[in-house]
Every structure is written in C-alpha cells, then in structure tokens.
Amino acid sequence: MTRTAICPGSFDPLTNGHVAIIERALRLFERVVIAVSVNIRKQPLFTMEERAALIRQSFPSETRIEVAELSGLLAEWARARGAVAIVKGLRAASDFEYELQMAQMNRHLNPELDTLFLPTEAAGSYVSSSLVKEVAALGGDVSALVPAHVHAALHERLARPPRPPREGRS
Ligand code: PNS
C-alpha cells in the first residue's frame, strides 16, 4: 500500500521552510500531495494557479509529489485521496495552539487521518510567507529565505501588483 501524506497550506508564496518540510515528508511517506488552499482569513498575493506553479517548479523531477488545489474540507479531501496523514511544520510554540485545534478538528471529521508536526529547523523558525511578503514589499532582502524562482516572482509581483477586480459597470 502506498502511504500518502498531505502537506496543506496557503503557500503564498512557498518559502525554504516549506521546501524543507516537504522534503522531510518525502522521507517518511511514499507519496506527498501538496494541497494549495484558499485561506479565508488572508488576502493572497499570488493566485492559486501561480502558487501551485511555483511549488511545482521547486520539485521538477520528483515523481512522488503531486501539487493540487484544495477545495472544501481538508479532512474530506484527504479521505478522497486515501491519505493517512497531514504533515505540518511547527516553528514555535505560538504556532501550536492553532495547529493543535485544526489537527483535532480534522481528526473529528476524519478519524482515519493523523496530523504529524515536524519541528522546523531552528535557523528558519522566524520565516513565514506573510513576513517574507512584508519585508520584500518594504525593500528588505529575502533572497535567502525563498527559492530563487519564488524570489523573482515576488519582485515581479510587487513591482506590478494585480489589478483589483472590477466592481460592476457604471
Ligand atoms: O498555510 P496556512 O494558511 O496556515 O494553512 C491553513 C490550512 C490551509 C491548512 C487551513 O486553512 C485548511 O486546512 N483549510 C482547508 C479548509 C478546512 O478544512 N478548514 C477546516 C480546518 S480544521
């Protein structure tokens, strides 16, 4: 039986911290599905398609990875893919409460699904997608914190932000 894990997240954008967690998940599971999600609490910089493409570019020859857009409930989505685990990185104690709550809710919704927390490397524990975007937008150097193609995409997007959707005709 192929043991599949899901790595879910907004990935807006992918950071080196995400890459490290995905690589570690690949050592523990035969197949890893990266679930790119809408996060209703956050306004994204990149579209779902862009975020998924940036992840695919980071693992060009890894056949055990699938990148897919998550719709609906993660617990049900994971069930439909026969996944046995969700793998998430924990950076600090401050992540823990929210992550624990989600893990317990997911287990309530799908008792076949476990959540594994992997502690992130201490050196990158301060890195988050939100902070990377903020620092890059203010001219800070984030080149060591994200893959090179993500860095290029970030600068391109910040130089030319997408147009807001039009609000009807007048
Ligand atoms: O990278 P993020 O934004 O912290 O990831 C959050 C994510 C995608 C894991 C979470 O928002 C999620 O699981 N969304 C899918 C919808 C869902 O199942 N919500 C209930 C979670 S218990």
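Step by step: first the residues of region 95-108, then only those that are open to solvent by less than 90 Å² (accessible area, probe 1.4 Å) and more than 14 Å from A83 (Cα to Cα), then the one that is farthest from the ligand (Cβ to nearest atom). Which residue is that? Reasoning before the result, please.
Step one: filter region 95-108 for residues open to solvent by less than 90 Å² (accessible area, probe 1.4 Å), giving 95-96, 98-100, 102-103, 106.
Restricting the remaining residues to those that are more than 14 Å from A83 (Cα to Cα) gives 95-96, 98-100, 102-103.
On the way: D95: 9, F96: 13, Y98: 8, E99: 8, L100: 11, M102: 4, A103: 8 Å.
Once the filter is applied, the top-ranked residue is F96.
Within the set of pairs 6+ apart or on separate chains, which have a first residue in region 83-97 that is in a strand (DSSP E or B), a second that is crowded, with 17+ Cβ neighbours inside 10 Å and aromatic (F, W, Y), and C-beta atoms under 8 Å apart?
Cβ pairs passing all conditions: A85/F29; V87/F29.
Could you figure out which of (1) in contact (Cβ under 8 Å) with a residue 60 or more places away in the chain; (2) surrounded by 13 or more Cβ atoms within 10 Å (Cβ to Cβ) isn't true of S130?
(2)
Can you tell me how many residues in region 109-126 are of a type outside the set (G, A, S) and either within 9 Å of the ligand (Cβ to nearest atom) or without any contact (Cβ under 8 Å) to a residue 24 or more places away in the chain (or both)?
2
If a residue must be surrounded by 22 or more Cβ atoms within 10 Å (Cβ to Cβ), more than 9 Å from the ligand (Cβ to nearest atom) and part of a strand (DSSP E or B), how many such residues does region 8-58 contain?
Result for region 8-58: 3.
Of the conditions (1) over 28 Å from A136 (Cβ atoms); (2) open to solvent by less than 40 Å² (accessible area, probe 1.4 Å), A80 satisfies every one except a single condition; which number is it?
A80 satisfies every listed condition except (2).
Would you confirm, using the coordinates I've provided, whether L154 is in contact with a Pro (Cβ under 8 Å, 6 or more places away or on another chain), within 18 Å of K42 (Cβ to Cβ) and away from the ligand (no atom under 11 Å from the Cβ)? Step through it out loud before you land on a result.
On the way: in contact with a Pro (Cβ under 8 Å, 6 or more places away or on another chain): yes; within 18 Å of K42 (Cβ to Cβ): yes; away from the ligand (no atom under 11 Å from the Cβ): yes.
So L154 passes the test.
Return yes or no: is S125 touching an Asp or Glu at 6+ places or on another chain (Cβ under 6 Å) and either under 11 Å from T15 (Cβ atoms) or modelled with pLDDT under 95 (or both)?
Values: touching an Asp or Glu at 6+ places or on another chain (Cβ under 6 Å): no; either under 11 Å from T15 (Cβ atoms) or modelled with pLDDT under 95 (or both): yes.
Here the answer is no, as S125 does not meet what is asked.
The values are calculated or read from the model by the stated rules, or taken from the named source; none is laboratory data. These numbers come from a predicted model, not from an experiment. Quick reminder, even Gly has a Cβ in these numbers, built from the backbone with ideal geometry, and neighbours come from all protein chains shown. Side chains are part of the model used for accessible areas, which takes the heavy atoms of the whole protein and leaves out ligands, DNA and RNA. Shrake-Rupley method; radii C 1.70, N 1.55, O 1.52, S 1.80 Å.
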